[in-house]
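> The structure's right below; bear with me while I get my questions together.
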2 protein chains.
Amino acid sequence: EIGLRYDLTVPFARVIGMNPNIKMPFKRYEIGKVFRNGPVKTGRSREFIQCDVDIVGVKSMMAEAELMIMAKDIYKMLELDIFISFNNRKLLSGIIKSIGISEELEGTVILSLDKLEKIGEEGVKSELESKGLTNENISKLFSIIMMKEEKLLERLRNNPPNELIRQGLKELDELIYYVEASNIKDICRFSPCLARGLEIYTGTVFEIFLADGSISSSLSGGGRYDKIIGAFLNNGGEYPAVGITFGLDVIHLALEHKNIERNMPAAQVYIIPLDTDSLSLNLATRLRRQGIPTDIEMNKRKLRKSLEYAGKQGIPFVIIVGEDEVKRGKVRIKNMKDGFETEIDLSKLELFFK
Amino acid sequence: EIGLRYDLTVPFARVIGMNPNIKMPFKRYEIGKVFRNGPVKTGRSREFIQCDVDIVGVKSMMAEAELMIMAKDIYKMLELDIFISFNNRKLLSGIIKSIGISEELEGTVILSLDKLEKIGEEGVKSELESKGLTNENISKLFSIIMMKEEKLLERLRNNPPNELIRQGLKELDELIYYVEASNIKDICRFSPCLARGLEIYTGTVFEIFLADGSISSSLSGGGRYDKIIGAFLNNGGEYPAVGITFGLDVIHLALEHKNIERNMPAAQVYIIPLDTDSLSLNLATRLRRQGIPTDIEMNKRKLRKSLEYAGKQGIPFVIIVGEDEVKRGKVRIKNMKDGFETEIDLSKLELFFK
């Protein structure tokens, strides 16, 4: 009776499907827990956190480009060097079709091709053999997909074997147009075998990897899923939709690998009351209302202990609120970087931190 | 085998209990889905969202005051007038004990008293009767708790009947000291019957209500739970902890009641490409990197339609990127409030929005 959600896309598609009055285009992000039913091991928890961004209502591949640009900016902020592999599912399906592989086998052939990076050419070939593909078809397939990317595209463009490929090429070319015009060109690679397993994708698929390959799993992945919402509404309609997901766990792992520690202090100011608890609490409130992240010593620790704590936390400023100073309308401010102390008027506290 | 979490406090207590090296005091907030097992009806969903803030490692009632001040600020931002009822569970337990009510009945008596607002004096009395309390004890109990708050406190202070009351008064007085010294005094009320049902609370309890009473459920509630973490560690130790929870659903309801619609536009700038898609996408990226929330027309709608959309969304500025202007190194910026249009240099775009 109770199920645990396994992704954020399906519930999102349901929300869109059930709210026909949502203004299109609709963009949203969501961060939430999802659960996997498959095997669990170190690094693969039953429960994990996904961060999704989706755009609904845009047919143009500009939407894909927007998500890719955003991803580049996010990974730049995280100081992780990445590259983006992209492909188009129509193109891949069209290639499989053009060889004469039956439609029923298409899905499973795609799943095998998707493993090319992981199990290599021979691995994929023997998988395809075991799935019942003829040797002729397998070698035909590989002669196409192992071509140099530019050569493959050129050949398909000159003589598109079927309508799916024509469509896929059109979408791919549109995406490449945006990719080349924007500042993500250097980190994007067309990868004709990329499929992203999931069957929900109808056009563009892309996947983001660490540039140095030190983690082989992708950090992000996404694509266009124009049929999910229509499937919910059971009306067969297409609702253009593109999404990207960020795997928080693998990103965390990548940051750990790089040994990136960000010592962002939780507070800019640490208030130490010396028998001036209630005034100090008011000062904290005043500073917080000015948007200055402020913490306050609440355990009546000695001044030395409190200063030590602020130092360890990397908090840049300490305000020492002593009774004597307060009587004179002053507080002491200590700059924790250079140790410099200064007395300022209580009334001018906010100004000091502006 | 699989359970759904019913609050954020217990998992948080477990995290603290299992990570003895966490630097104390530790403050955190968490927003997440929780699930109820009890009856479900309109406004009471199986799944709902809680927003919790907790402080662990502070014995001083300053921690409670800090959460209350924060709550006041949050509700001010939401434009909701509220008041805060507060009490101390030691005090309430001590009063019940002082009357001679047996310890086994204490919990259930507190649950009944907690309903005073909801079912009235007579309702509580008959509930207590059905629970086996003597009429004598019931009237003794009511003669105490129905006293004017100041009078009750005065009487208890002058002659505290037991150690629990002594302790409760000490904590309460400490809290009142902070409340009176800070700017939340006018919205705080001591409420000697408030218990907050849950047995986890060991000292302060508080609950936040809409000032106009238009919704009787509390919007927030919290208190001190010094024993939960020790219970997880099974060592009987006390780990000072205070928390507050914000009920997102009831807050949302309150905002709806007040008919508060916040037309915060999702973007400050809307870019309309007129056959300049890739350049426009680059401009959007440039502005976003400057922290300027920017949206972009992606569906090749006509200029008029696009302007209409931006207007309806309340987006203050539109950038029209036409081919002719771009050739001259310019774009048009339209101020959607006064309709004023101006042409500026492409190179000076960021400056315009600073």
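> Against the condition at pLDDT 95 or above, farther than 16 Å from residue A:92 by Cβ and in a helix (DSSP H, G or I), how does residue A:174 come out, does it pass?
Yes; evaluated as a whole, the condition is true for this residue.
> For the stretch A:162-178, how many residues meet the condition of being within 14 Å of another protein chain (Cβ to nearest Cβ) and in contact with a strand residue (DSSP E or B) (Cβ under 9 Å, 6 or more places away or on another chain)?
Count: 2.
> Give me the residue from the stretch B:179-197 that is in contact with a Ser or Thr (Cβ under 6 Å, 6 or more places away or on another chain) and outside any loop (DSSP other than H, G, I, E, B) and, out of that set, farthest from the other protein chains (Cβ to nearest Cβ). Write out each step before concluding.
To start, the set of residues in the stretch B:179-197 that are in contact with a Ser or Thr (Cβ under 6 Å, 6 or more places away or on another chain) comprises B:181, B:189, B:191, B:194.
Then drop every residue that is not outside any loop (DSSP other than H, G, I, E, B), which leaves B:181, B:189.
Details: B:181: 3, B:189: 19 Å.
That would be B:189.
> Moving on. Right, residue B:333: of a type in the set (A, V, I, L, M, F, W, C), over 23 Å from residue A:179 (Cβ atoms), crowded, with 16+ Cβ neighbours inside 10 Å and touching a Pro at 6+ places or on another chain (Cβ under 9 Å) or not?
It is false that residue B:333 is of a type in the set (A, V, I, L, M, F, W, C), over 23 Å from residue A:179 (Cβ atoms), crowded, with 16+ Cβ neighbours inside 10 Å and touching a Pro at 6+ places or on another chain (Cβ under 9 Å).
> State all residues of the stretch A:43-53 that are crowded, with 18+ Cβ neighbours inside 10 Å and either in a loop (DSSP other than H, G, I, E, B) or modelled with pLDDT of 95 or more (or both); if no residue qualifies, say none. Spell out how you get there, then give the answer.
Residues of the stretch A:43-53 crowded, with 18+ Cβ neighbours inside 10 Å: A:50, A:52-53.
If the condition is that a residue be crowded, with 18+ Cβ neighbours inside 10 Å and either in a loop (DSSP other than H, G, I, E, B) or modelled with pLDDT of 95 or more (or both), then A:52, A:53 are the ones that fit.
> Across the stretch A:12-26, which residue is nearest to residue A:248 (Cα to Cα) among those that are within 11 Å of chain B (Cβ to nearest Cβ) and surrounded by fewer than 18 Cβ atoms within 10 Å (Cβ to Cβ)? Working first, answer last.
Our first condition is that a residue be within 11 Å of chain B (Cβ to nearest Cβ); within the stretch A:12-26, this holds for A:23-26.
Within this subset, residues satisfying the condition of being surrounded by fewer than 18 Cβ atoms within 10 Å (Cβ to Cβ) are A:23-24, A:26.
On the way: A:23: 30, A:24: 28, A:26: 24 Å.
Filtering first and then ranking leaves A:26.
> Just need a number here: residues in the stretch A:270-279 that are of a type outside the set (A, V, I, L, M) and closer than 9 Å to residue A:319 by Cα. Please lay out each step first, then the result.
Narrowing the stretch A:270-279 to residues of a type outside the set (A, V, I, L, M): A:270, A:273, A:275-278.
The next check asks that each one be closer than 9 Å to residue A:319 by Cα; those that pass are A:270, A:273.
Total meeting the criteria: 2.
> Limited to the stretch B:54-86, what total is found for residues that are among the basic types (Lys, Arg) and within 13 Å of the chain's Cα centre (by Cα)? Lay out the reasoning, then the answer.
Filtering the stretch B:54-86 for residues among the basic types (Lys, Arg) gives B:59, B:72, B:76.
Within this subset, residues satisfying the condition of being within 13 Å of the chain's Cα centre (by Cα) are B:72, B:76.
The number of residues fulfilling the criteria is 2.
> Checking the structure you have, find out if any residue of the stretch B:88-105 is more than 18 Å from the chain's Cα centre (by Cα), more than 30 Å from residue B:154 (Cα to Cα) and more than 10 Å from every other protein chain (Cβ to nearest Cβ). Break it down into steps so the answer makes sense when it comes.
To start, the set of residues in the stretch B:88-105 that are more than 18 Å from the chain's Cα centre (by Cα) comprises B:88-105.
Then drop every residue that is not more than 30 Å from residue B:154 (Cα to Cα), which leaves none.
Within the stretch B:88-105 (the criterion being more than 18 Å from the chain's Cα centre (by Cα), more than 30 Å from residue B:154 (Cα to Cα) and more than 10 Å from every other protein chain (Cβ to nearest Cβ)), the answer is no, since none of the residues qualifies.
> Still on this structure, I have one more. Test residue B:4 against the criterion of being outside the structural domain of residue B:170 (by TED's automatic domain parsing) and either in contact with an Asp or Glu (Cβ under 9 Å, 6 or more places away or on another chain) or touching a residue at least 60 places away in the same chain (Cβ under 8 Å) (or both), and give yes or no. Even if it seems obvious, please write down each step before you answer.
Details: outside the structural domain of residue B:170 (by TED's automatic domain parsing): yes; either in contact with an Asp or Glu (Cβ under 9 Å, 6 or more places away or on another chain) or touching a residue at least 60 places away in the same chain (Cβ under 8 Å) (or both): yes.
Criteria met by residue B:4.
Matching residues to (1) over 22 Å from residue A:292 (Cβ atoms); (2) surrounded by 20 or more Cβ atoms within 10 Å (Cβ to Cβ); (3) within 14 Å of chain A (Cβ to nearest Cβ):
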position	(1), (2), (3)
B:55	no, yes, yes
B:63	no, yes, yes
B:67	no, yes, yes
B:70	no, no, yes
B:73	no, no, yes
B:78	no, no, no
B:81	yes, no, no
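> Let me ask something else. Please enumerate the residues belonging to the stretch A:248-294 that are surrounded by fewer than 15 Cβ atoms within 10 Å (Cβ to Cβ), at pLDDT 90 or above, part of a loop (DSSP other than H, G, I, E, B) and not small (Gly, Ala, Ser).
The answer is A:275, A:290, A:293.
> Same structure, new question: Can you tell me how many residues in the stretch A:300-320 are closer than 19 Å to residue A:353 by Cβ, within 13 Å of chain B (Cβ to nearest Cβ) and of a type outside the set (S, T, N, Q)?
Of the residues in that region, 4 qualify.
> Which of the following residues is assigned by TED's automatic domain parsing to the domain that holds residue A:30, in contact (Cβ under 8 Å) with a residue 40 or more places away in the chain and over 22 Å from residue A:99 (Cβ atoms): A:195, A:211?
A:211
> Just the residues that are away from chain A (no Cβ under 12 Å), over 18 Å from the mean Cα position of the chain (by Cα) and closer than 16 Å to residue B:248 by Cα, please, taken from the stretch B:29-53.
Of the stretch B:29-53, the ones away from chain A (no Cβ under 12 Å) are B:36, B:38-45, B:48, B:50-53.
Among the residues that remain, those that are also over 18 Å from the mean Cα position of the chain (by Cα) are: B:36, B:38-42, B:45.
Of everything in the stretch B:29-53, those that are away from chain A (no Cβ under 12 Å), over 18 Å from the mean Cα position of the chain (by Cα) and closer than 16 Å to residue B:248 by Cα turn out to be B:36, B:42, B:45.
> Right, here's the next one. Which residues, counting only those in the stretch A:330-339, are at pLDDT 95 or above and over 23 Å from residue A:300 (Cβ atoms)?
Selection gives A:335 alone.
> Let me confirm something: among A:238, A:207, which residue is modelled with pLDDT under 95 and more than 14 Å from every other protein chain (Cβ to nearest Cβ)? Don't jump to the end; show me each part of the working.
Values: A:207 fails: modelled with pLDDT under 95.
Of the residues listed, the single one that is modelled with pLDDT under 95 and more than 14 Å from every other protein chain (Cβ to nearest Cβ) is A:238.
> Suppose the filter is within 32 Å of the chain's Cα centre (by Cα), at pLDDT 90 or above and loosely packed, with under 13 Cβ neighbours inside 10 Å; does residue A:127 pass it?
Working: within 32 Å of the chain's Cα centre (by Cα): yes; at pLDDT 90 or above: yes; loosely packed, with under 13 Cβ neighbours inside 10 Å: no.
It is false that residue A:127 is within 32 Å of the chain's Cα centre (by Cα), at pLDDT 90 or above and loosely packed, with under 13 Cβ neighbours inside 10 Å.
> If a residue has to be of a type in the set (Asp, Glu) and either in a loop (DSSP other than H, G, I, E, B) or at positive phi (or both) to count, how many in the stretch A:6-42 make the cut? Please lay out each step first, then the result.
Going through the stretch A:6-42, the residues of a type in the set (Asp, Glu) turn out to be A:7, A:30.
Checking which are either in a loop (DSSP other than H, G, I, E, B) or at positive phi (or both) leaves us with A:7.
Total meeting the criteria: 1.
> Working carefully through the options A:285, A:202, A:245, A:276, find the one that is in contact with a helix residue (DSSP H, G or I) (Cβ under 7 Å, 6 or more places away or on another chain), within 30 Å of residue A:47 (Cβ to Cβ) and among the polar types (S, T, N, Q). Outline the logic, then answer.
On the way: A:285 fails: within 30 Å of residue A:47 (Cβ to Cβ); A:245 fails: in contact with a helix residue (DSSP H, G or I) (Cβ under 7 Å, 6 or more places away or on another chain); A:276 fails: within 30 Å of residue A:47 (Cβ to Cβ).
The conditions single out A:202.
> If we keep just the residues of the stretch B:243-298 that are of a type in the set (S, T, N, Q), out of contact with any Pro (no Cβ under 9 Å at 6 or more places or on another chain) and without any contact (Cβ under 8 Å) to a residue 60 or more places away in the chain, which is nearest to the other protein chains (Cβ to nearest Cβ)?
Looking at the filtered set, the residue picked out is B:278.
> Sticking with this structure for a sec: If I ask for residues that are surrounded by fewer than 20 Cβ atoms within 10 Å (Cβ to Cβ) and assigned to a strand (DSSP E or B), which ones from the stretch B:232-247 would you list?
B:247
> Go through the residues of the stretch A:295-310 one by one and say whether even a single one is in contact with a helix residue (DSSP H, G or I) (Cβ under 8 Å, 6 or more places away or on another chain), surrounded by 14 or more Cβ atoms within 10 Å (Cβ to Cβ), in a helix (DSSP H, G or I) and not assigned by TED's automatic domain parsing to the domain that holds residue A:13.
no
> Follow-up question, since we're still on this one. Output the helices (runs of 4 or more DSSP H) that fall wholly within the stretch A:56-150 and possess 3 or more residues being over 22 Å from residue A:225 (Cβ atoms), or say none.
Per the criteria, A:62-77, A:116-130, A:135-145.
The values are calculated or read from the model by the stated rules, or taken from the named source; none is laboratory data. Since we're looking at a predicted model, the values are computed, not measured. Here the Cβ is made from the backbone with ideal geometry for all residues, glycine too, and neighbour counts use every protein chain on show.
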